[in-house]
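Heads up: the structure comes next, in structure tokens.
Values in this text are rule-based calculations from the coordinates and carry no lab data. Nothing here was measured: the structure is a model prediction, and the numbers come from that model. Glycine gets a Cβ as well: all are built from the backbone with ideal geometry, and neighbour counts include every protein chain shown.
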Amino acid sequence: MNRIITIEEEVPNVHKMVIDAPDVAKKCKPGHFAIVIPDEQSERIPLSIADWDEDAGTVTIYFLEVGVSTMKLARKVAGDEIDMMAPLGRESEIDNYGTVVVCGGCYGVGAIYPIVKALKEAGNTVVTIIEARAKYLLYNEEVLARDSDEIYTATSDGSHGTKGKAQTVMKDLVDGGRHFDRAYIMGCTFMMMRNARMAKELGIPSKVYLNPLMVDATGMCGVCRCDVGGETKFACVDGPEFDGADVDWEQLFKRSAQYVPHQTLAYQHKKCDIDHCGGV
Ligand code: FES
């Protein structure tokens, strides 16, 4: 079991949790993820590792409250314990490519940080773009700016930065004469699909971090299987990083949507139970 050091709601519905995990912190690499289990009745939730501190022995994750298990996680307080299995997955492919564009959305605004940092340390010129629906949902801009050569923001309502999405900024920059050697994209599946498609259109090779449903996260159950480049891959052991242009996004959406009606029902029942009847 791992103790929660801090938990805070960074912006509405995006939670940041710092966890005491000295053994995990020693082994983390950019691209790794964790399986977090809030209690013995919860699902196993795959979450990207957003930061780690070997000296302090801590690991940081960001998550959204979207179902019963993440609701339970969001209601934890400092000092509570959770079960965590990490680090998992393959390390991100990082090298000196030249100029790279890094796009983050949703939980990915927080979780893309190790990628930005590693790309900068590898000698790249790092252009970071973060997106949200509105200014009040954007976070981590200052942290990402420290390791980025340039940082841009995009909001759907135009309340901060460019009106549009990360791919709007990516396209504007390329149209203005910028060249990118590679794109790294992290966020919800729809965000990654949009940006990966734009990168492809602009001739930029891209890397995405798939987040399908997972159970064992050791390549045994097959729940996380996805189609990449015409081959069946298991996101937990073959990924989570894949070439964005090769992902079969339609299939990924279809598989991820399988339990949405059940998840929504369970969430509404449990939320009512917890918030109004004091259940857990
Ligand atoms: Fe079971 Fe990946 S989660 S094979």
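Annotations
- With helices as the sole contributors, the chain gives -8500 deg cm²/dmol at 222 nm; each DSSP H run of n ≥ 4 counts as -39500 (n - 2.57), and the sum is divided by every residue.
- Crossing angle, helix 166-175 versus the chain [Cα axis fit, 0-90 degrees, rounded to tens]: 10
- Chymotrypsin sites (Phe, Trp or Tyr not before Pro) within segment 83-153, DSSP loop, no more than 14 other Cβ atoms inside 10 Å: none
- Placing pseudo-labels 7 Å out from each Cα toward the beta carbon at ASP83 and GLN258 gives an inter-label distance of 2.1 nm.
- Residues whose placed amide H lies under 5 Å from that of VAL102, excluding near-sequence neighbours: VAL127, THR128, ILE129, TYR184
- Unit charges on C-beta of K, R, D, E only; dipole of segment 124-277, Debye: 400
- Compared with the dominant Cα axis of the chain, that is its longest principal axis, helix 260-277 is turned about 50°.
- Residues with amide H under 5 Å from that of GLY239, placed H, sequence gap 5 or more: ARG90
- Fluctuation leader among PRO114, PRO12, PRO22 - the chain, Gaussian network, Cα springs under 10 angstrom: PRO12
- Lysine pair count for segment 123-264 [Cα-Cα under 29 Å; pairs on different chains or 8 or more apart]: 20
- The antiparallel fraction among DSSP beta bridges confined to segment 20-128 stands at about 75%.
- Coil-residue chymotrypsin sites (Phe, Trp or Tyr not before Pro) of segment 205-275, DSSP, other Cβ within 10 Å capped at 12: none
- With R₀ fixed at 35 Å, the C-beta to C-beta distance from ARG3 to MET220 puts the FRET efficiency at about 0.75.
- Cβ charges +1 (Lys, Arg) and -1 (Asp, Glu), total dipole of segment 27-136, debye: 400
- Sequentially through segment 121-131, phi angles give Karplus couplings (6.51, -1.76, 1.60; θ = phi - 60°) of 4, 7, x, 6, 7, 9, 10, 9, 10, 10, 10 Hz, Gly and Pro residues having no value and appearing as x.
- The modelled label-to-label distance between ASP273 and HIS179, using points 7 Å beyond Cα along the C-beta direction, is 5.9 nm.
- Qualifying GluC sites (Glu not before Pro) in segment 1-63, where qualification requires a DSSP coil assignment and no more than 13 other C-beta atoms within 10 Å, comprise GLU40, GLU54.
- Per-residue Cβ neighbour rank within 10 angstrom, fewest leading, GLU250, GLU201, GLU65, GLU241: GLU250, GLU201, GLU65, GLU241
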